[in-house]
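Just below is one structure, and these are the notes that go with it.
The values are calculated or read from the model by the stated rules, or taken from the named source; none is laboratory data. Remember, predicted model here, so these are calculated numbers, not experimental data. Cβ: placed from backbone, ideal geometry, glycine included. Neighbour counts: every protein chain shown.
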Amino acid sequence: MRIASWNINSVRNREQRVRDFLERSDVDVLCLQETKCADDQFPDFSDTGYQYAHVGENAWNGVAILSRMGIEDVRADFGQPRFHKDPLAEPVLEPRAVGAVCGGVEVWSLYVPNGREISDRHFTYKIDFLDSMASYLEQGKDSGDPVVVVGDFNVIPTDQDLWDRSWFEGKTHVTPRERGALDEIVRRGGMTEATAPLLGTYTYWDYQAMRFQKNQGIRIDLQYARGLTPSDPTVDRAERSGKGASDHAPVIVDYRP
């Protein structure tokens with residue numbers, strides 16, 4: 001099974017790019033993040049031979065799974081925390097996770113909260129979100145069923161996965177708490193980071209300051225697996241180039257039983 005993860009940064013703006021990628025990449029499952037649309041605005045990809053599930057809202061967040069191996073047991077809640085930017089308002093379930101069984105494999109597409117600043121409530125939300133996923137995976141660890149969790153984790157796993165460590169001093173994405181939360185997904189969830197061989201290979205380049213042209217990027221788009229053997233992880237760097245590209249590149253991994 002070949003699984004790709006791609007923060008598309010508005011699927012309506014890049015529908016044709018998704019179609020072209022599906023045609024040439026030979027992926028069995030494509031997980032999208034930051035689709036930035038409501039469910040009734042999500043493009044109809046059924047003519048491509050892929051079934052799909054989407055959870056989204058107007059303008060922000062949004063996640064999807066496109067599968068040519070079937071799509072069953074669709075869920076949007078693994079026990080993750082709720083959040084509202086107004087601390088006095090009732091927290092809501094943001095569309096940051098969608099899971100489904102594709103060809104006998106449980107697949108989750110995640111858009112982990114950014115965290116904003118270390119002192120922000122959003123940072124705590126981010127840590128709690130990752131902790132909830134570790135708890136969810138830990139609860140199902142003895143089932144023996146294969147599971148793959150992919151997405152934009154908004155955490156840089158190591159200092160080798162960024163272009164300039166000094167630029168991140170005092171900022172999110174590199175703190176011990178965030179990296180520790182990733183470690184807990186591995187430790188408690190019994191997962192393997194399938195994208196670990198991509199150490200030092202970037203998956204995101206900001207639009208500003210010609211980051212892509214200067215190769216000033218970071219690695220935050222990750223895949224984790226249990227019950228499957230991953231191989232040949234790649235970053236489709238070419239998809240980041242050209243007019244109208246997302247600021248993320250697709251990350252692709254092959255899996256076998």
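Is it the case that T175 is touching a residue at least 40 places away in the same chain (Cβ under 8 Å), out of contact with any Gly (no Cβ under 8 Å at 6 or more places or on another chain), among the hydroxyl-bearing types (S, T, Y) and under 26 Å from R2 (Cα atoms)? Spell out how you get there, then give the answer.
Working: touching a residue at least 40 places away in the same chain (Cβ under 8 Å): yes; out of contact with any Gly (no Cβ under 8 Å at 6 or more places or on another chain): yes; among the hydroxyl-bearing types (S, T, Y): yes; under 26 Å from R2 (Cα atoms): no.
Judged against the criteria, T175 is not a match.
Checking L137, L130 one by one, the residue that is buried (at least 21 other Cβ atoms within 10 Å of the Cβ), part of a helix (DSSP H, G or I), over 15 Å from the mean Cα position of the chain (by Cα) and aliphatic (A, V, I, L, M) is L137 and no other. Looking across P257, P197, P176, one residue alone is within 17 Å of P113 (Cα to Cα) and surrounded by fewer than 18 Cβ atoms within 10 Å (Cβ to Cβ). It is P176.
Quick grid of which residues meet (1) out of contact with any strand residue (DSSP E or B) (no Cβ under 7 Å at 6 or more places or on another chain); (2) at positive phi; (3) modelled with pLDDT of 95 or more:
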site	(1), (2), (3)
A4	no, no, yes
I8	no, no, yes
L22	no, no, yes
D28	no, no, yes
D44	yes, no, yes
A64	no, no, yes
W108	no, no, yes
R116	yes, yes, yes
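Residues that are free of Cβ contacts under 8 Å to residues at least 12 places away in the same chain and touching a helix residue (DSSP H, G or I) at 6+ places or on another chain (Cβ under 6 Å) number at least 3 in none of the strands (runs of 3 or more DSSP E) confined to the range 53-122. Inclusion of K214 among residues that are under 27 Å from D20 (Cα atoms), assigned to a loop (DSSP other than H, G, I, E, B), modelled with pLDDT under 95 and over 16 Å from the mean Cα position of the chain (by Cα) is not warranted. Which one of R188, R177 is more than 23 Å from E106 (Cα to Cα), among the basic types (K, R), modelled with pLDDT of 95 or more and not in a loop (DSSP other than H, G, I, E, B)? Within the list R188, R177, the selection yields R177.
Inside the range 123-164, residues that are in contact (Cβ under 8 Å) with a residue 60 or more places away in the chain, under 18 Å from D247 (Cα atoms) and of a type outside the set (A, V, I, L, M, F, W, C) make up a count of 3.
Report, by residue number, each residue of the range 206-227 that is among the acidic types (D, E) and surrounded by 18 or more Cβ atoms within 10 Å (Cβ to Cβ). Before you say what the answer is, go through the steps one by one.
Within the range 206-227, the subset among the acidic types (D, E) is 206, 221.
Result: D221, single match.
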